[in-house]
1. Hey, could you check segment 256-308 for residues that are open to solvent by less than 70 Å² (accessible area, probe 1.4 Å) and acidic (D, E) and say which is farthest from L204 (Cα to Cα)?
2. Among the residues of segment 347-359, is there at least one that is among the β-branched types (V, I, T), open to solvent by 10 Å² or more (accessible area, probe 1.4 Å) and modelled with pLDDT under 95?
3. Give the residues of segment 743-775 that are surrounded by fewer than 24 Cβ atoms within 10 Å (Cβ to Cβ) and small (G, A, S), sorted by residue number.
4. With the requirement that a residue be open to solvent by less than 10 Å² (accessible area, probe 1.4 Å) and aromatic (F, W, Y), what does segment 710-741 give you?
5. When you scan segment 188-221, how many residues do you find that are touching a helix residue (DSSP H, G or I) at 6+ places or on another chain (Cβ under 8 Å) and open to solvent by less than 10 Å² (accessible area, probe 1.4 Å)?
6. When only residues in segment 867-893 that are assigned to a strand (DSSP E or B) and at pLDDT below 90 count, which is least open to solvent (accessible area, probe 1.4 Å)?
Amino acid sequence: MDKPQIPYTHDELYALGPQRAYAGEALRQVAFPIGGIGTGSISLSGRGALVDWEIFNRPNKGSFIPFTFFALWAQQEGEPPVTRVLEGPPMPPFDGSGHGNQPGLGHGVPRDTAAGLPHMREARFRGEYPFAWLELADPAMPLAVTLEAYNPFIPLNADDSSLPVAIFRFTLHNRGDRPVAATLAASLCNPIGYTHGRFDGRGLGGNVNRYVREGALQGLVMTSTRYGPDDPRYGSLALTTPWPEVTWQSAWLRAGWFDSLQRFWDEFTPQGLLSERTYGPSEEGKSDVGTIGLRVRLAPGQSVTLPAYLTWHFPNFQKYWHREAGGGCEGACCREVALPTWKNYYATRFGDALDVARYVAREEERLREESLRFHDALHRSTLPPYVTEALSSQASILKTTTCLRLTDGTFYAFEGCHADAGCCEGSCTHVWNYAQTLAFLFPDLERSMREADYRYNQHEDGHMGFRLQLPLGSPPSTFHAAADGQMGGILKVYRDWKLCGDTGWLRGLWPQVRKALAYAWKVWDVDRDGVMEGIQHNTYDIEFWGPNPMMGSFYLGALRAAEEMARALGEEEEAREYRRLFESGRQKMEAELYNGEYYEQRINPQAHLVAPVDLSMSFGGQTPGDPKYQYGKGCLSDQLIGQWFAHLVGLGYLFDPEHVRRAMQSIFRYNWRSELWEHANCQRVYALNDEAGLLLCTWPRGGRPTFPFPYSDEVWCGIEYQVASHLIYEGLVDEGLAIVRGLRARHDGIRRNPWNEMECGSHYARSLASWSLLTALSGFRFDLTRGMIGFAPRLEMDEFRTFWSVGTGWGTFSQRRSDAGLEAVLRLEHGSLALRELTLGAPGDPGLYRQVEARVNGVPLPATLAGDGAVAVTFGQGVDLRAGDELSITLSP
């Protein structure tokens, strides 16, 4: 097959460099989420405003809290003072539209954003998750100002990555030749009682602000007397600092018209000081704004960093989407009932927002250092910058309202977020099939998903709901099982087992896993020939009728994974049966579905006869003999998703390797567009005009159904990542990188938010497939059941460096090739690693090297060189690495 034209130069695909920064118009869509896993988040806009207040246990896109902003008063010796809101200039439109939950309603730009106050003239934003940096400049300001904002993000440390806090560190630099006095003011309106939508007073009343000082920590605590401890609106916020010199005002003046903001500004701007003011609980529908000011004096050339912590605590999570019927209930048939409520996991660790602040103040030096260690390990990888951006930007999904932590710490998630509600509940198995980031960075949380799924989400016959019902222990859904979700779950168990190495954990789940696989023989593969002929519900929200490679590849992958797991548990007879089914299915699908270019669907209009199925539950309805929403002869981008997963977890090829490679070439050739001007899409639009994108399906050989499956003409980021990384696994690196570059170009700050890839909602979980780019490009292998990890970089470069992680530790790997041999260094940054084997290089390398030298922290270590498709360095009884250890390997001819 001829190589398709790629509209990028070699340098555009492969050149290394820094992450992009955003300025001017590119600031418009930037919203960088800051919060913990399962805590909700607040976003930092490209200008520096605090937006998208999603800390009240539900999404809240477009929101802001009135009069909540940072400001800086500064006075150079001998000069009049200057005061600025620490944000870039407000951006058009200025007609009152486009301002989220607070429309101007004909009164211009909303004044409660502080838009009418003097702002800094310029802003430059750079985000490398979990850190955001904002540079602010103004010709009248005698200080250079830089903000660093973050929430702790430490792989393998889920609890410290689940803190309800936004940490702001403002660095001021005196660039002049005279001393400068300054006050950093942080103002916050008490929002207790508000949940989402327009901030118009609903829910407010009884709000109380009070100043507290405990040792080095001081600031404002905000509560409400209106709500009891079990109410969903009950909670607290704290705006605190460990900075010693503070001026404060617990409440702005309670007054009419515009007097409150006017009095604050008039009091603060002359000397950068605040006078204390307190009130009792606020009136119905009203609240108070409070401010703390951090005071400092800077000598010429001096820099100082001023820290501020915004912590929150809303302990009671209410299942606001609850309906009486089980999963699959739609519309009017579902009547409202009492809403179940439970405690957020973070509420089991902390008593209130001040308690969170105490912990952060005590631990922040360590939290920041460990978060920076992860940041540096990832961002110093020798990957193209847009790839690193894809990895880190989409890791932010874990910190948004897409993701929850239930009372016992179990990880639970939506598919994404609508403006004010989660999109598609239940840790949806077929969507989370794509997601890889959580499994590699927080594997204990990923395993908690498996444990909940197999404990609560399975019927006696093995049928699994693809949406876990809450509260935990609720009956599983009676809707169709999802063939891709159920088979993908088995592959995920295999992955999680290999990442943690704990066969005891696997043994505990195995009876349910085995039952889930056996369910396939009741509804999808009744004749047990390794091919799914039945009706298969799937991630496109419809059912495929008859054999197809997407469900088929998941099925073959599940059979191979089950074979390996059964053998590890001593169940040889079951392992042989799984292998028989795998071989049978592989042969039949190759013979019946491969058309010489790619794998097709063989539509079976009588698939409903394979096993009893309730067609009334099918979305859109289905007619036996003429099923709608199929794809038949189409080239489906997801056709080999099970093979992608098999590559990622080390199960090898499920289909003929040459056929797989040719099919992936066809997907890129037929489905990827370098621009979409001529693409007619009557479905949802996620890419258009001059943008590049991968279509879900095309029909290069004709035969497009009158009504193909829904979404077929759309572009989904998560599928683009899946296909891109699979192309890379097949050695088609240019093609894979082209898809990623085109995808990230769509998220440039002007068109879309770089930290929000949408599908059915914001922060869509399918984009967590981006992590597979790292495993594919680094050739990362892992099997902690035998103490093995390995690397086979697919980027042609003499020096390569990457981040890696498994269930017990994470760190960096680097290698340098030369005529003299190969030098590799494995560094452990966090945790531990019991290593017995390290594989290096790609197939064909073993014959290049005959000698090996190994050292740990410079001390020689006995090692043996072997080869079985790659160079394998073994360490006899093994080596136990701890954080800070370096294992260096030198291979020579």
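The values are calculated or read from the model by the stated rules, or taken from the named source; none is laboratory data. Quick caveat, the model's predicted, so the values are computed rather than measured. Every residue, glycine among them, receives a Cβ derived from its backbone with ideal geometry; neighbour counts consider all protein chains shown. When the accessible area is computed, the model is the full protein with side chains, heavy atoms only, and any ligands, DNA or RNA have been set aside. Shrake-Rupley method; radii C 1.70, N 1.55, O 1.52, S 1.80 Å.
1. Filtering first and then ranking leaves E267.
2. No.
3. Once the filter is applied, which keeps residues that are surrounded by fewer than 24 Cβ atoms within 10 Å (Cβ to Cβ) and small (G, A, S), segment 743-775 yields A745, G749, G761.
4. Across segment 710-741, the qualifying residues are W716, Y721.
5. 2
6. We begin by selecting, within segment 867-893, every residue assigned to a strand (DSSP E or B); these are 867, 871-882, 886-892.
Then keep just the ones that are at pLDDT below 90; that gives 867, 871, 876-877.
Working: G867: 51, V871: 4, G876: 66, Q877: 180 Å².
Selected residue: V871.
Conditions tested, residue by residue: (1) surrounded by 23 or more Cβ atoms within 10 Å (Cβ to Cβ); (2) of a type in the set (G, A, S).
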{"residue": "G409", "(1), (2)": "no, yes"}
{"residue": "H418", "(1), (2)": "no, no"}
{"residue": "T429", "(1), (2)": "yes, no"}
{"residue": "L441", "(1), (2)": "yes, no"}
{"residue": "S448", "(1), (2)": "no, yes"}
{"residue": "Y454", "(1), (2)": "no, no"}
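Okay, residues lined up against (1) closer than 18 Å to L441 by Cβ; (2) touching a Leu at 6+ places or on another chain (Cβ under 8 Å):
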site: L737; (1), (2): no, yes
site: I750; (1), (2): no, no
site: N753; (1), (2): no, no
site: R766; (1), (2): yes, no
site: F782; (1), (2): yes, yes
